[in-house]
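The values are calculated or read from the model by the stated rules, or taken from the named source; none is laboratory data. Predicted model, so just to flag it, every value in this text is computed and none were measured. Every residue, glycine among them, receives a Cβ derived from its backbone with ideal geometry; neighbour counts consider all protein chains shown.
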Amino acid sequence: MELVITIPLVLLHACILSPRTAAAPALRHHQYPKETAAAEALLQWKSTLLRAPPSLLSSWRPGTTPCTSNWTGISCTTTTTRHGGAAAVTGISLPHAGIDGHLGELNFSALPSLHHLDLSYNSLHGEIPAAIFVSLPALYYLDLSANWLHGDIPPEIAAVAVA
């Protein structure tokens, strides 16, 4: 059974941190810590995908980072403070991308600044991970429609809808 879900989210309250994914190759030392953690999480997720068009995620390479290397489908925000700069992944937009895999393999806690997630019209399988709703405090747009997701909508979404 196909689950179609498009949910504009206004506010999430909880942020649960979990251990980082398996170590990725060393990234250049001048990269921002949040961007480096996001790169590790996204590269780990890419390695678990069963199928994706070869050229689609070719910009997602070890030794590069999403914001400074302009990874396909990734949007970022860079801020500068008196203590230095910070780059963070704020959007993942890969609709109609031919991605086949499990959404639950993505370490959402490494993407705390993510506010836009569009993975519609792919071949994602499994359940909708509760981590989407508890690990992404800035998320306000989620489109997972036209995938092969199943199971119940996590109860954490009810708390978000009421907030």
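Numerical summary
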{"read-out": "All positions within the range 95-117 that are in contact with a strand residue (DSSP E or B) (Cβ under 8 Å, 6 or more places away or on another chain), crowded, with 20+ Cβ neighbours inside 10 Å and over 12 Å from CYS76 (Cα atoms)", "value": "ILE99, GLY101, LEU103, LEU117"}
{"read-out": "First in the range 48-62 and within 16 Å of PRO95 (Cα to Cα), second anywhere and small (Gly, Ala, Ser) and assigned to a loop (DSSP other than H, G, I, E, B), Cβ under 7 Å, 6 or more apart", "value": "ARG51/GLY98; ALA52/ALA97; ALA52/GLY98; PRO53/GLY98; LEU56/ALA97; LEU56/GLY98"}
{"read-out": "Yes/no for THR77 being polar (S, T, N, Q) and surrounded by fewer than 16 Cβ atoms within 10 Å (Cβ to Cβ)", "value": "yes"}
{"read-out": "Odd one out for GLY91 among (1) farther than 17 Å from ALA37 by Cα; (2) modelled with pLDDT of 95 or more; (3) within 13 Å of the chain's Cα centre (by Cα); (4) not aromatic (Phe, Trp, Tyr)", "value": "(1)"}
{"read-out": "Answer residue from the range 38-71, given it is touching a strand residue (DSSP E or B) at 6+ places or on another chain (Cβ under 8 Å) and of a type in the set (Gly, Ala, Ser) and is modelled with the lowest pLDDT among those", "value": "ALA52"}
{"read-out": "Residue list for the range 138-154, filter: modelled with pLDDT under 90 and either of a type outside the set (Gly, Ala, Ser) or surrounded by 18 or more Cβ atoms within 10 Å (Cβ to Cβ) (or both)", "value": "HIS150, ASP152, ILE153, PRO154"}
